[in-house]
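Shown next, in structure tokens, is the structure this report addresses.
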Amino acid sequence: METTTLTLLIFLLVLAAFLGQEIFSKTPVSAQISLLSSANAVSGIGVLGAVLTAGLAENAGNNDLAALLGGVALALALVNTAAGYLGAGGWLDQFRNKQDK
């Protein structure tokens, strides 16, 4: 990969992180739940991409590094998705009436 391409990708990653932090910090708590649910859906798509990557790497022949990276990506995406759903459930519990519990 060229140095300019790598520099551009790192710049975009840092820019997206700062932009996401600014947007999320200025969003009311009630709207953050819907943002978290959307992020969980995107992470679910990441799980599918990781499965596809690991499967294609395994079928491509003797490419153990790609299969390993696909497996690691799958594990991280699954942890992110599960934690997101658990976090959203915890937030939703705060808005339930005490009689509903």
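Some points to look at:
- Residue count for region 8-41, restricted to those that are of a type outside the set (Gly, Ala, Ser) and under 23 Å from PHE95 (Cβ atoms): 11.
- Within the option set VAL47, VAL14, being part of a helix (DSSP H, G or I) and in contact with a Leu (Cβ under 9 Å, 6 or more places away or on another chain) holds for one residue only, VAL47.
- Listed by first and then second residue, the pairs linking a residue in region 3-31 that is surrounded by fewer than 10 Cβ atoms within 10 Å (Cβ to Cβ) to a residue that is part of a helix (DSSP H, G or I) and at pLDDT below 90, with Cβ atoms under 8 Å apart and 6 or more places separating them unless they lie on different chains, are VAL29/TRP91; SER30/PHE95.
- The residue of region 4-25 that is modelled with the highest pLDDT, among those that are within 16 Å of ALA39 (Cβ to Cβ) and of a type outside the set (A, V, I, L, M), is GLU22.
The values are calculated or read from the model by the stated rules, or taken from the named source; none is laboratory data. Being a predicted model, the structure only gives us computed values, none of them experimental. Cβ: placed from backbone, ideal geometry, glycine included. Neighbour counts: every protein chain shown.
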